[in-house]
Amino acid sequence: MFNIVQDPMLRRAAAKLGLSESMTALLETPYRIIQVQIPFRLDSGELEIAYGFRVQHNASRGPYKGGMRYHPDVNPAEICSLARLMTWKTALFDIPFGGAKGGVACDPTKLSQAELERMTRVFARKLSSAVGPKKDIPAPDMGTNAQVMAWFADQWGKFEGYDPAVVTGKPISLGGSYGRTEATGTGVAMVAKHMCDALGENMPGKTVAVQGFGNVGSWFSLAAQDRGANIVAVCDQWGAVQCDKGFPADILRVAMEASIRREPIADALLSAAGSFRISAEELLAADVDILVPAALGGVVTDSNVNDVRAKMVIEAANEPLTASASESLKDRGVTVVPDILANAGGVVVSYFEWVQNRQGFRWNKARVHSELASAMQRAFDATWVASGRDCTKLREAAYLVAIERVSQATEYRLGISD
C-alpha cells in the first residue's frame, strides 16, 4: 500500500471545525482504490499492457464523480489527491456528487485512434461493475475527450445495459450537454469577474497571461476577452508568445483550433501584430494583472514563486501551485483563487448533463449557461463570505465550506450525528 499524501488544507479546516482525528482520517483517505491491467493489441498486432486506476474517494453526498485522464505520469498517489480534490469541488458547489478520479498511464499521442479505442474498451470492461449512473460517473480529463467517453459508455452498456448517464462529457448526439466543452474555461472567467467585482476593480482592461492553451486555457481566454480582459501572453507545451497589445479574438480561435489538432499554437499567435516569442519561465513571471495556470499541477513552486509578478493568480488547473508557493503568494498579498472554486465549471455542467440524461430531457445552451452562471456565483459568494471578504484567505474559506458539508453528510450517513 502506498502512502496517501496528507491534505494540509483539510487538516486546517478540520481543526477549525473541531473534527475528530478519526473523522479527519476518514475524509483524507479514499474509500476504494482500483488498479487494473489493460492488455490490448497495437495496430502491429503486438500485445501492449497499460495500467489503469480508479480512485473513489467519498460518496457521502452522492455518487462518485471525476475525470478520467490518459497521461504518462498517471499514478495512484496523484489520482488519490485529485479524487479528494473532486470531493471538495462538488461539495463547495453543493451538487449531489462525491469525488473520484481515474486514468491510464500511457501517452495517448503515441497511440492511433484504433489503439485508443481498444485500450478504452478494455478499461471500461475492467471497471464495468464499479461505475454506473448511481455509483461512479467518469468524465473527460487530460488526454481524453468526448470520443473516449463514447467508447467507454458503449462498452459499459454491453455489460450493464444502455444508460447515457454512465459518463458525462459525451458527444451531443449521444446524450451530451450543450455547453459542456467550454464549461471549465468559461467558469474560470466567471470567477475572475466575480473576484474583480468583489475587490472593487474592473475586469475590462486587466492584462492576463495564460499558461496552457488546451481546452480550459483556450476557452478561458475567449470568455475572459468577452468580459473585457486583455490576453497578452499564452503558451502551450511547445512554446510561449507575448503580445503587449493583446491577441485579437480571431487569432485566439485559430490557436484553439491548432490546439485541438494537437499542433503548436505559436504560428497562429505570432501572426498578431507586435507579438514575439518568450520562454515558459518568462510567461510565469510576466508583469500582468492576472496569471492563469491552466495546464499541469505543480508549475509554481518554491523555486520560481518569487518570480511571479501578477497581482492575482487563478488556478484553472488542478493544484498548479504547491502548498508552500501558495503560502508565499498569500504572505505577499497576492490574491490566489483556488482550484476547487475556479475550475469547477466542468463538473457543474457534467452534473447538468447527468440530470438531463436521468430526466430524458435536453436543456438548450442558454439554460445551461444560465445555470452555470448561477452556480459559479453561489459558490463564489459562499467562499467570499467565509473568507471574511479577505482575498488572501480564499483557499481556507473554500475548504472550510466544502469540508463542513462533507463531514456533516458523512456523520448522518454513519449515524453518529448528535
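Taking Ser81 as the residue in question, decide whether it is closer than 18 Å to Val104 by Cα and modelled with pLDDT under 95. In short, yes. Among the residues of segment 1-43, those identified as in a strand (DSSP E or B) and open to solvent by 90 Å² or more (accessible area, probe 1.4 Å) are Arg32, Gln35, Gln37, Arg41. Which of the residues spanning segment 125-148 are in contact with a Lys or Arg (Cβ under 9 Å, 6 or more places away or on another chain), outside any loop (DSSP other than H, G, I, E, B) and without any contact (Cβ under 8 Å) to a residue 40 or more places away in the chain? Within segment 125-148, Arg125, Ala146 meet the criteria.
Within segment 190-225, the residues that satisfy the criterion of being touching a Leu at 6+ places or on another chain (Cβ under 8 Å) and closer than 25 Å to Glu353 by Cβ are Met190, Val191, Gly212, Ser218, Ser221, Leu222. Counting only helices (runs of 4 or more DSSP H) that sit wholly inside segment 307-418, those with at least 3 residues that are open to solvent by 70 Å² or more (accessible area, probe 1.4 Å) are 365-386, 394-414.
Each residue in segment 121-150 was checked for being over 20 Å from Trp354 (Cβ atoms) and open to solvent by less than 30 Å² (accessible area, probe 1.4 Å), and 3 of them qualify. Taken as a whole, segment 108-116 holds at least one residue that is under 21 Å from the mean Cα position of the chain (by Cα), surrounded by fewer than 20 Cβ atoms within 10 Å (Cβ to Cβ) and touching a residue at least 60 places away in the same chain (Cβ under 8 Å).
Pull up segment 272-304, narrow it to residues that are polar (S, T, N, Q) and in contact with a strand residue (DSSP E or B) (Cβ under 7 Å, 6 or more places away or on another chain), then point me to the one that is farthest from Ile314 (Cα to Cα). Checking each candidate, the answer is Ser275.
Out of all the residues in segment 69-83, which are in contact with a Leu (Cβ under 9 Å, 6 or more places away or on another chain) and open to solvent by less than 10 Å² (accessible area, probe 1.4 Å)? Residue satisfying the conditions is Tyr70 alone.
Taking each residue of segment 334-350 that is closer than 11 Å to Asn318 by Cα and looking for partners that are of a type in the set (Ser, Thr, Tyr) and surrounded by 24 or more Cβ atoms within 10 Å (Cβ to Cβ) with beta-carbon atoms closer than 7 Å, six or more apart or interchain, yields Leu341/Thr383; Asn343/Thr184. Residues that are part of a strand (DSSP E or B) and open to solvent by 10 Å² or more (accessible area, probe 1.4 Å) occur at least once in segment 95-105.
Contact map, segment 155-175: first residue farther than 17 Å from Pro63 by Cβ and open to solvent by 50 Å² or more (accessible area, probe 1.4 Å), second residue among the basic types (Lys, Arg) and at pLDDT below 95, Cβ cut-off under 9 Å, separation 6 or more or different chains; pairs are Ile172/Arg180. In this structure, Gly185 does not qualify as of a type outside the set (S, T, N, Q), open to solvent by less than 20 Å² (accessible area, probe 1.4 Å) and in contact with a His (Cβ under 6 Å, 6 or more places away or on another chain).
Scanning segment 44-64 for residues that are open to solvent by 20 Å² or more (accessible area, probe 1.4 Å), part of a strand (DSSP E or B) and over 15 Å from Leu82 (Cα atoms) gives Leu47, Glu48, Ile49, Tyr51.
The values are calculated or read from the model by the stated rules, or taken from the named source; none is laboratory data. These numbers were taken from a predicted model, which means no experiment stands behind them. So basically every Cβ, Gly included, is an ideal-geometry build from the backbone, and we count neighbours across all protein chains shown. These accessible areas exclude ligands, DNA and RNA; they are computed on the full protein's heavy atoms, side chains included. Shrake-Rupley method; radii C 1.70, N 1.55, O 1.52, S 1.80 Å.
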